[in-house]
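A.B. asks: Dumping the structure here so I can ask a few things about it.
Read-outs throughout are calculated quantities, based only on the coordinates presented, and are distinct from any laboratory measurement. Computed from a predicted structure; not experimentally measured. Don't worry about glycine lacking a Cβ; one is built from the backbone with ideal geometry, like all the others, and counts go over all protein chains shown.
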Amino acid sequence: MISINEAFNILQDNLPEPALETVDLSQAWRRYLAEDILAPEPSPRYTNSAMDGYAVRWQDVMGTTPDQPTLLTTVGESKAGVPFAGTVQACQAVRISTGAVLPEGADTVIRVEDTREERDRVAVLSVRGRGQDIRRRGEEFQTGELLLNRGIQLRTRQLALLAAVGIHQVPVYATPRIRLLVTGTELVSSNSESIKPYQIRDSNRIMLTSACRDAGGLVLGCDHVGDDLERTVAALEQAAAEEPDCLLCSGGVSVGRHDHVKRAADLAGFQELFWRIRQKPGKPLFAARRKNTLLFGLPGNPVSAFMCFVHYVRPVIAHLQGRSMAHPSITARAPEEIRNTGKRTNFLRVRLKYEPGEIPQIVEMNKQGSHMLSSITHADGYIGLEPGEILSPGSLKEVFLL
Ligand code: AMP
Ligand code: MG
């Protein structure tokens, strides 16, 4: 058996290569950017007005005081989408809307609140300074400036920025492609009407499918085979032929006479990377590789399968999207002593209690059985407690978030 760190290192040395693709902006939501994006044009693209008001020449209005308004002749209008064609001459003003092009000749905008309209003239009542209320071309960024860093997730605001500068095709990491294979003769579909007393409802299929989706992966499909070597080999060969990034198997990796996944993986051309980790739950985890496909043989016990997914598979799916493989975590305080008297790293599921202004508190959950799904359903995270490790009351510990 190897340690959790050894297992993780082996995975890091055998990662599938992330694939890149270019997608339309409308398909880019939640995807991860594969290249830095530089501004293809300046923002704003043209100098325009920040206010509804009048475009004027500073030298005409600079002497304005509350007692001495300046009278200008209104000679036209610059609307959003319809610029003023002429040039602003001495003692002239052009009506202007927010975002409209600043006309030639003008260098200042007087907001409408600081004016009084008088038929074809306008009285400027107060001024602040040359260039007031103008948005200058390139003041936000110039052509060639870095807009978005490679690796960022494209969410609402990033997509808006790309649209604003006219970028419609974006280079992103390809969505990781994942195949699932659920093994176990005792399993029946979770929506089956009839279940015999000795059968088990398949909860791993929906659990792993949604866990893959949560992690940003695409599940190509999920097959079920009974505990039968030949059928398992055939199913693995078929799944591998599609060359998915990951092939996740559930069950059949322990030392039982009817556990066939390891042998079947070997027969289907996979090279073993590791089998069995000094951890609880999830000891039987098996990993193998064929070409660019990583196979994980997850234990069948739902909690074990999930913990192995979170600690080993999810980081691989993150890597495939150009993201860090680090486990998201926060520091929390143990209110009471927690110890691991066993010989394996214990992935203890815990809840977190938040009080304003305080470090979150670890709340132990007493039902930790690897067959007890409620131990993950209601948990916020887990701690990795090493053999012999004792957390004294009040001590701090890193909690990995589920
Ligand atoms: P295995 O790892 O195949 O020995 O399975 C260990 C335990 O997990 C057995 O009690 C199985 O019935 C149970 N189990 C295996 N696969 C599933 C599944 N897909 N859904 C729910 N329980 C499962
Ligand atoms: Mg089984």
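A.B. asks: Going from the alpha-carbon gyration tensor of the chain, what semi-axes, largest first and in whole Å, does one get by taking the root of 5 times each eigenvalue? Each step should come with its number before you reach the end.
C.D. replies: Details: eigenvalues 826, 136, 62 Å².
So the equivalent ellipsoid measures 64, 26, 18 Å along its semi-axes.
A.B. asks: How large is the Kirkwood hydrodynamic radius of the range 329-401, counting all unique pairs of alpha carbons, in Å? Before the final figure, lay out the partial values.
C.D. replies: Working: mean 1/r = 0.0807 Å⁻¹.
Answer for the range 329-401: a Kirkwood hydrodynamic radius of 12.4 Å.
A.B. asks: Taking R0 as 30 Å, what FRET efficiency do you get between M1 and H168 from their Cβ-Cβ distance, rounded to the nearest 0.05? Walk me through the intermediate numbers first.
C.D. replies: Values: r = 52 Å, r/R0 = 1.73.
Once the sixth-power term is evaluated, E becomes 0.05.
A.B. asks: Can you work out the FRET efficiency for the pair W58 and S324, with r the C-beta to C-beta distance and R0 = 56 Å, to the nearest 0.05? Mind dumping the intermediate values first?
C.D. replies: Values: r = 52 Å, r/R0 = 0.93.
Here the calculated transfer efficiency is 0.60.
A.B. asks: Of the residues R276, R289, R136, which exhibits the maximal mean-square fluctuation in a Gaussian network model of the chain defined by a 10 Å Cα contact cut-off?
C.D. replies: Looking only at R276, R289, R136, the largest GNM fluctuation is found for R136.
A.B. asks: Still on this model: Grab the Cα-Cα distance for R157 and E336, subtract it from 0.36 nm times how many residues apart they are, and report the gain in nm with one decimal. Let's see the in-between values first.
C.D. replies: Details: separation 179, 0.36 × 179 = 64.44 nm, distance 4.34 nm.
Residue separation times 0.36 nm, minus the Cα-Cα distance, leaves 60.1 nm.
A.B. asks: DSSP beta bridges in the range 48-135, what fraction antiparallel, as a percent rounded to 5?
C.D. replies: Percent antiparallel among DSSP bridges in the range 48-135 is about 75.
A.B. asks: Expressed in nm to one decimal, what extension gain is obtained for the pair R201 and D36 from 0.36 nm per residue of sequence separation less their Cα-Cα distance?
C.D. replies: Working: separation 165, 0.36 × 165 = 59.40 nm, distance 4.66 nm.
Full extension from R201 to D36 adds 54.7 nm.
A.B. asks: Turning to a different aspect of this structure: Pick from N346, N366, N292 the residue whose mean-square fluctuation is largest in a GNM of the chain, springs joining Cα atoms under 10 Å.
C.D. replies: Per the Cα network of the chain with a 10 Å cutoff, N366 tops the list.
A.B. asks: Please report the antiparallel percentage of DSSP beta bridges with both residues in the chain, rounded to the nearest 5.
C.D. replies: In the chain, DSSP labels about 65 percent of beta bridges as antiparallel.
A.B. asks: Here's something else I'd like to know. Which loop chymotrypsin sites (Phe, Trp or Tyr not before Pro) in the range 138-241, with loop taken from DSSP, have no more than 16 other Cβ atoms within 10 angstrom of their Cβ?
C.D. replies: Details: sites: F141, Y173, Y198; in loops: Y198.
Filter output for the range 138-241: Y198.
A.B. asks: Let me ask something else. Below 16 Å, Cα to Cα, which aspartates and glutamates can K353 reach? Residues fewer than 8 away in the same chain don't count.
C.D. replies: Once the sequence-local aspartates and glutamates are set aside, what remains near K353 is E336, E364, D380, E398.
A.B. asks: Going by Cα centres, the range 323-367 and the range 14-75 are how many Å apart?
C.D. replies: 47
A.B. asks: A follow-up question, please. Please list, by residue number, everything in the range 343-374 whose backbone N is under 14 Å from a paramagnetic label point 7 Å out along Cα→Cβ of S395.
C.D. replies: From the range 343-374, the list is 346.
A.B. asks: Multiplying the sequence separation of N292 and L402 by 0.36 nm and subtracting their Cα-Cα distance, what value in nm do you get? Working shown, then result.
C.D. replies: Numbers: separation 110, 0.36 × 110 = 39.60 nm, distance 2.72 nm.
The N292-L402 span can extend by a further 36.9 nm.
A.B. asks: Something else: Count neighbours as other Cβ atoms within 10 Å of each site's Cβ, and list the GluC sites (Glu not before Pro) in the range 167-266 that are DSSP loop with at most 10 such neighbours.
C.D. replies: Working: sites: E186, E193, E230, E237, E242; in loops: E186, E193, E242.
Loop-located and lightly packed - E193.
A.B. asks: Just to confirm the number: angle between the C-alpha axis of helix 229-241 and the first principal axis of the chain, 0 to 90 degrees, nearest 10?
C.D. replies: 20
A.B. asks: For the residue pair D228 and N149, what label-to-label distance in nm results when each label sits 7 Å from Cα along the Cα-to-beta-carbon direction?
C.D. replies: The modelled label-to-label distance comes out at 5.3 nm.
A.B. asks: Given R₀ = 41 Å, what would the calculated FRET efficiency be for K353 paired with Q27, taking r from the Cβ atoms and rounding to 0.05? Can you show the working numbers first?
C.D. replies: Working: r = 41 Å, r/R0 = 0.99.
That gives a FRET efficiency of 0.50.
A.B. asks: Which of the trypsin sites (Lys or Arg not before Pro) across the range 343-402 are loop residues per DSSP, with 12 or fewer other Cβ within 10 Å? Provide the component values of the computation, followed by the final result.
C.D. replies: Details: sites: K343, R344, R349, R351, K353, K367, K397; in loops: K343, R344, K367.
Those that pass, being in a loop and sparsely packed, are K343, K367.
A.B. asks: Please check: in the Gaussian network model of the chain (C-alpha springs, under 10 Å), which one of G384, G282, G342 has the largest mean-square fluctuation.
C.D. replies: Between G384, G282, G342, it is G342 that shows the largest mean-square fluctuation.
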